[in-house]
1. Among the residues of segment 421-441, is there at least one that is within 29 Å of Phe125 (Cβ to Cβ), without any contact (Cβ under 8 Å) to a residue 24 or more places away in the chain and open to solvent by less than 10 Å² (accessible area, probe 1.4 Å)?
2. Filter segment 117-159 down to residues that are out of contact with any strand residue (DSSP E or B) (no Cβ under 9 Å at 6 or more places or on another chain) and surrounded by fewer than 18 Cβ atoms within 10 Å (Cβ to Cβ), then give me how many there are.
3. Leu206 - would you say it is within 15 Å of the ligand (Cβ to nearest atom) and closer than 29 Å to Phe90 by Cβ?
4. How many of the residues in segment 468-481 are away from the ligand (no atom under 13 Å from the Cβ) and either closer than 14 Å to Ala160 by Cα or open to solvent by 60 Å² or more (accessible area, probe 1.4 Å) (or both)?
5. Take Ile253 and tell me if it is assigned by TED's automatic domain parsing to the domain that holds Ala122, closer than 29 Å to Glu298 by Cα and either open to solvent by 20 Å² or more (accessible area, probe 1.4 Å) or in contact with a strand residue (DSSP E or B) (Cβ under 7 Å, 6 or more places away or on another chain) (or both).
6. Report whether or not Pro43 is in contact with a Pro (Cβ under 7 Å, 6 or more places away or on another chain) and under 20 Å from Gln194 (Cα atoms).
7. If Thr301 satisfies all but one of (1) in contact with a Ser or Thr (Cβ under 7 Å, 6 or more places away or on another chain); (2) assigned by TED's automatic domain parsing to the domain that holds Pro159, what's the number of the condition it fails?
Amino acid sequence: MSAHEQPSHPRETTVVEAAPKQLFIGGKWCSAGQDRTYDVEDPATGRTLCTVADADADDGLAALAAADQAQHDWAQHPPRQRGEILRRAFELITARHEDLSLLMTLEMGKPLAESRAEITYAAEFFRWFAEEAVRIDGDYAVAPNGKGRFLVMRQPVGPAVMITPWNFPMAMGTRKIGPAIAAGCTMVLKPAHQTPLTMLALAAILSEAGLPDGVLNIITSQSAGRVMEPVIRDPRARKLTFTGSTAVGRRLIEQSAEQVLKTSMELGGNAPFLVFADADVDAAVDGAMLAKMRNIGEACTAANRFYVHADVAEEFSRKLTDRMRSLRIGRGVSDDIEVGPLIDADQCDKVTELVTDAVERGAEVVLGGRRGEGQGHFYPPTVLTGVPADARLTREEIFGPVAAITTFTDEQAVLDEANNTEYGLVSYVYTQDLHRGIRVSEALETGMVGLNQGVVSNPAAPFGGVKHSGLGREGGKVGIEEFLETKYVAVGGV
Ligand code: NAP
């Protein structure tokens, strides 16, 4: 029996059975209209894990009505109490870390070690925003002509609509829910259809932590467009925050124009990873393993294109290939597994297509290059060298464990190539020359740069992209701004 074919362990069954599977509306668990449900699949086996409620448009609007009804009281809730709810939720997540990690691995496929890291990262957004809830301040000024005063206050924007992807099932939610709770906004959140269980488990935790009914409402559905469009176009919604593909983000920006919603968009990426001749090659390989293989390559921040200076290209490619070759592939529930399956058959097909295209255009396969056989959606760690500039994977997100390497010799030419994309989320630079590091970081057209570092994500830092990678920032001091409006009061007679 291969690692892909192991039967479910009793603990897996217990964790899945314990997870809520209904909609969470107005503080109550309820069925979708006509009791509709859909299947959630384990991507490592293709087998059904369980069924969850399949919301329709009326359920979505009921969730928005609950959020709208709760908004006024929630905005009046003392900031300290809002922060303390987040803090309690942080502690509950930490206490249930193992079960939540296993649940995430079962529905998403990533290895347990990565699920554990994500649960920790996700919980940190609650701790960070628990601390920010009490730091929402304003301004006071004497008018320049001395007549009158300016009072500037910050108020919650109102009910927020949140849509999240499957690749980070909890962190992409806590990155939005944390600041919304801190700011005093209510919410309707729809997780990706592939990974609803983690978010439903989080809703139960927030309820246990004391979040009042109606503040957070969760809608699970396999008809995202049909359910969410009426919610986005409804005048009770005041904010839309989306993490997902650029194509869907564009459509949602159009929909949000109707009610002139405040929008935040965390969209796709096409990260370049630059290794200069003066780089510490071993450090660059360590960084490349993180930037490429974290989340099986299914991350918006994943290094999509490696540009390596000709002087170190052979050493870098050889060492990266050795590390990629040594990774253990299998069902993520075993502690020794380092590469799990891709999320579904479509994703496996897309990676296959992109690799085939690159090879047809002249790239050489140094490692991997063929999808796994048997059950589950496995694609092996793959290294391609000599990837030509016209290969599709230099323009499109690979979202899989494929390192595409090209060599360069000229700094300006590689910067032009790195910036030659409509995306602008993150880039990575390896150099030991401080001046080059600063110069190149300034020239790269991305919202974030990893300078001698393969991971940039941190709840205390502003995460987000430029160009078609999005609008707004999540995390850091600015993360809460996305959920606040500024009101200016002109005080006369003073
Ligand atoms: P996706 O297809 O855009 O889906 C994202 C979310 O949008 C899911 O909940 C999906 O629901 C929903 N959705 C799809 N069509 C919709 C519609 N017409 N109306 C309303 N909602 C709709 O993206 P994905 O494949 O799940 O995630 C991968 C993408 O997310 C990649 O492009 C990645 O780069 C990006 N991402 C960006 C960041 C960032 O911070 N910049 C972070 C993580 C991921 P269903 O599941 O039901 O289709």
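1. First, the residues of segment 421-441 that are within 29 Å of Phe125 (Cβ to Cβ): 421-430, 437, 441.
Cutting the leftovers down to without any contact (Cβ under 8 Å) to a residue 24 or more places away in the chain gives us 437, 441.
From the residues that got through so far, the ones that are open to solvent by less than 10 Å² (accessible area, probe 1.4 Å) too are 437.
Looking for residues that are within 29 Å of Phe125 (Cβ to Cβ), without any contact (Cβ under 8 Å) to a residue 24 or more places away in the chain and open to solvent by less than 10 Å² (accessible area, probe 1.4 Å), one finds at least one in segment 421-441, hence yes.
2. 9
3. On the way: within 15 Å of the ligand (Cβ to nearest atom): no; closer than 29 Å to Phe90 by Cβ: yes.
The answer is no for Leu206.
4. Number satisfying all stated conditions: 4.
5. In short, yes.
6. For Pro43, the condition - in contact with a Pro (Cβ under 7 Å, 6 or more places away or on another chain) and under 20 Å from Gln194 (Cα atoms) - is met.
7. The single condition Thr301 does not satisfy is (2).
Results for (1) closer than 30 Å to His9 by Cβ; (2) in a helix (DSSP H, G or I); (3) β-branched (Val, Ile, Thr), shown as yes or no for each residue.
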| residue | (1), (2), (3) |
| --- | --- |
| Ala63 | no, yes, no |
| Asp68 | no, yes, no |
| Gly83 | no, yes, no |
| Ser115 | yes, yes, no |
| Thr120 | yes, yes, yes |
| Phe126 | yes, yes, no |
| Val134 | no, yes, yes |
| Tyr140 | no, no, no |
| Gly146 | no, no, no |
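The values are calculated or read from the model by the stated rules, or taken from the named source; none is laboratory data. Computed from a prediction, not measured in an experiment: that's the story for all the values here. In this analysis, Cβ positions are derived from the backbone assuming ideal geometry, glycine residues included, and neighbour counts consider all displayed protein chains. Note: areas computed on protein heavy atoms with side chains; ligands, DNA, RNA excluded. Shrake-Rupley method; radii C 1.70, N 1.55, O 1.52, S 1.80 Å.
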